[in-house]
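For reference, the structure discussed in these notes is given below.
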Amino acid sequence: MVRGKEVFCLLREITNDVISSGVGCHVGGMPARIVMYADDLVLLAPTWHAQQKLLNICTESVTRIGVMFNATKSVTIIFAPHKTVRHVLFSFPSFNLNECLLAVVENCKCLGHILSSVSDDNPDINRQISFLYSRANVLIRKFSRCSGDVCFVLIACRSMVLNYGTVFTILY
């Protein structure tokens, strides 16, 4: 099992290989080829060929180290373009990772958010709302014997902490 320092070295190896390849998307004139958080990895490419090339680069990187990606936990999501002036092909050949076919999905949970192939945030917003309701229900259940004023202050304090964290994340 790969842990700690080995994971960091593995991710650094993959990142260096992907960045040096020059293949991938550009957002605002800046390269946006790879997004990583902990042990999650997202590859961004403008075409099928570029995406398969990035997958091949990642496979080569990890096989040099002696590790393999788990292709059963890996998925592909294809985002439809917002504006199409000409006809766009929406059926693509399958992607291969470690000689296994990757599943193409309409939406998936990635880095804590739900990504949708139609660039729709509604599934993620609904998930966050249900999560907020469940946390509110936990607070109500835990403090059900307190007076209404105490419950109001506790929930207001909890809301201030949540809002401050969001503002802090956006600003910094």
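The values are calculated or read from the model by the stated rules, or taken from the named source; none is laboratory data. The shown structure was predicted, so the numbers you read here are calculated from the model rather than taken from an experiment. Reconstructed Cβ throughout: ideal geometry from the backbone, glycine too, with neighbour counts over all protein chains shown.
Taken together, L132, L97 contain a single residue that is hydrophobic (A, V, I, L, M, F, W, C), under 28 Å from D39 (Cβ atoms), modelled with pLDDT of 75 or more and not assigned by TED's automatic domain parsing to the domain that holds T59, which is L132. Of all positions in segment 67-82, none carries a residue that is at pLDDT below 75 and either part of a helix (DSSP H, G or I) or not assigned by TED's automatic domain parsing to the domain that holds L10 (or both).
Whenever a residue of segment 17-45 is over 17 Å from H113 (Cα atoms) and at pLDDT 80 or above, it has no partner that is small (G, A, S) and exposed (fewer than 10 other Cβ atoms within 10 Å of the Cβ) lying with C-beta atoms less than 6 angstrom away and at least six residues away or across chains.
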